[in-house]
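Q: Structure below; questions to follow.
The values are calculated or read from the model by the stated rules, or taken from the named source; none is laboratory data. All figures in this text were calculated on a predicted structure; none of them were measured in a lab. All Cβ positions, glycine included, derive from the backbone under ideal geometry; neighbour counts span all protein chains shown. For the accessible areas, the whole protein counts, side chains as well, though only heavy atoms, and no ligand, DNA or RNA atoms are used. Shrake-Rupley method; radii C 1.70, N 1.55, O 1.52, S 1.80 Å.
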Amino acid sequence: MGEFSKLLNTKIGALLSFAIAFGLIYNPFTKFPSTFCVIILFVFLISFLQDGSLRNLNFKKIGLKQIGIILASYIILEVIMDFVFQPLATKIFNEPADYSSFEFIKGDTKAYFKWLAFMWISAAFGEELLFRAFAFSQLKKIIGGQKILIVFISAVLFSLPHLYQGNSGLLMTFLFGLAFGFIYYKFKNIWINIIVHGLIDTIFLTLSYYGMLDFYQ
């Protein structure tokens, strides 16, 4: 186990670990949200094998200070993204982000709560664990302490699975990836990222439920 742990902590080991974790998104054997459950387990396993604990994933305590950070980050992101960057992205590409795949939730209470649970598991917890906590720890082993570059790479990779949302949606996901990356870089507490991400997606699904997705247009 000692030699295997050393191997996983090399540049090649970290690169392969992250490549496998990212590749699991596209594996043909599981579907949403099971796919991210597999990814979560893989990330926990590799992190434990590398370090003997999960400390590098930065699951830290949440207190009043962190709650304030979460609320401030959420409000700032929601306002800037919805009222500045979303209209700008729509204007640049002359088309709004394509969120039509979520229209089936409209008026369906059962589907709404089902996908809300799926979203918190996969998008909020799973994506932040993969694209922030795990990506940062592995990329640090690969390219060192180039934190701005790590934020950028993680944002690019975060945006790729969202190609179905069109150019505008892809750009917005990239910008969210940058924002989430800087939040994680600044506070180094993955719970902050998970909750902020979850709140943003909760609003999105709620608007989907009420048939108000044109808000983003």
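Q: If you take the C-alpha gyration tensor of region 66-131, multiply each eigenvalue by 5 and take the square root, what semi-axes do you get, largest first, in whole Å? Before the final figure, lay out each step's value.
A: Details: eigenvalues 103, 90, 30 Å².
Each semi-axis is the square root of five times an eigenvalue, giving 23, 21, 12 Å.
Q: Order the following by accessible area, largest value first: Leu157, Leu41, Leu205, Leu64. Probe radius 1.4 Å; ligands, DNA and RNA are ignored.
A: On the way: Leu157 35, Leu41 120, Leu205 5, Leu64 155 Å².
Per-residue accessible area, sorted high to low, gives Leu64, Leu41, Leu157, Leu205.
Q: Let me ask something else. Using DSSP to define loop residues, name the trypsin sites (Lys or Arg not before Pro) in region 1-67 whose beta-carbon has at most 11 other beta-carbon atoms within 10 Å.
A: Working: sites: Lys6, Lys11, Lys31, Arg55, Lys60, Lys61, Lys65; in loops: Lys31, Lys60, Lys61.
Those satisfying the criteria are Lys31, Lys61.
Q: Using a 1.4 angstrom probe and counting only protein chains, how large is the accessible area of Ile195 in Å², to 10?
A: Accessible surface of Ile195 is approximately 50 Å².
Q: Sticking with this one: Let me see the P(r) profile for region 133-217: every Cα-Cα distance counted, bins of 10 Å, each bin given as a percent of all pairs.
A: With a bin width of 10 Å, the distribution comes to 17, 43, 29, 9, 1.
Q: Regarding region 40-154, what are the three Cα extents along the principal axes, ordered largest first, in Å?
A: 46, 36, 31
Q: Mind computing the radius of gyration and Dmax over the alpha-carbon atoms of region 113-160? Å is fine for both.
A: In order Rg, Dmax, the Cα atoms of region 113-160 give 12.6, 41 Å.
Q: Next up: Enumerate the whole-percent occupancy of each 10 Å bin, from 0 to the last occupied one, for all C-alpha pair distances of the chain.
A: 8, 32, 37, 18, 4, 0
Q: May I ask for the net charge around Leu57, where only other residues with Cβ less than 13 Å from the Cβ of Leu57 are counted and Lys, Arg are +1 while Asp, Glu are -1?
A: +3
Q: Continuing with this model, one more query. Rounded to a whole number, what % of the accessible area of the chain do carbon and sulfur atoms account for, probe 1.4 Å? Display every interim value, and only then the final one.
A: Working: 7950 of 11230 Å².
With neighbouring chains kept in place, the figure for the chain is 71 percent.
Q: As a test of understanding, state the convex hull volume per residue of region 39-98 from its alpha carbons, in Å³. Write out the running numbers ahead of the final one.
A: On the way: hull volume 8.0 nm³, N = 60.
Measuring per residue, one finds 133 Å³ for the Cα hull of region 39-98.
Q: Sticking with this structure for a sec: So which chymotrypsin sites (Phe, Trp or Tyr not before Pro) in region 119-217 are both in a DSSP loop and have at most 13 other Cβ atoms within 10 Å of their Cβ? The partial results should precede the final answer.
A: Values: sites: Trp120, Phe125, Phe131, Phe134, Phe136, Phe152, Phe158, Tyr164, Phe174, Phe176, Phe180, Phe182, Tyr184, Tyr185, Phe187, Trp191, Phe204, Tyr209, Tyr210, Phe215, Tyr216; in loops: Tyr210.
For chymotrypsin sites (Phe, Trp or Tyr not before Pro) across region 119-217 that sit outside H, G, I, E and B with at most 13 neighbouring Cβ atoms in 10 Å, the list reads Tyr210.
Q: Can you tell me the equivalent ellipsoid semi-axes for region 1-76? Use √(5λ) from the Cα gyration tensor, largest first, whole Å.
A: Working: eigenvalues 157, 79, 23 Å².
Working through the eigenvalues yields semi-axes of 28, 20, 11 Å.
Q: Oh, and also: Report, by chain and number, residues whose modeled amide H sits under 5 Å from the one on Asn9, excluding near sequence neighbours (fewer than 5 apart, same chain).
A: none
Q: Could you check which residue among Asn56, Asn193, Asn94 shows the biggest mean-square fluctuation in a GNM of the chain with a 10 Å Cα cutoff?
A: Taking springs between Cα atoms under 10 Å, the residue moving most is Asn94.
Q: Assign unit charges at the C-beta atoms only (+1 for Lys and Arg, -1 for Asp and Glu), then state the dipole size of the chain relative to its Cα centre in Debye, rounded to the nearest 20.
A: Details: 17 positive and 12 negative charges, 184 e Å.
Charge dipole, the chain, about its Cα centre: 880 debye, nearest 20.
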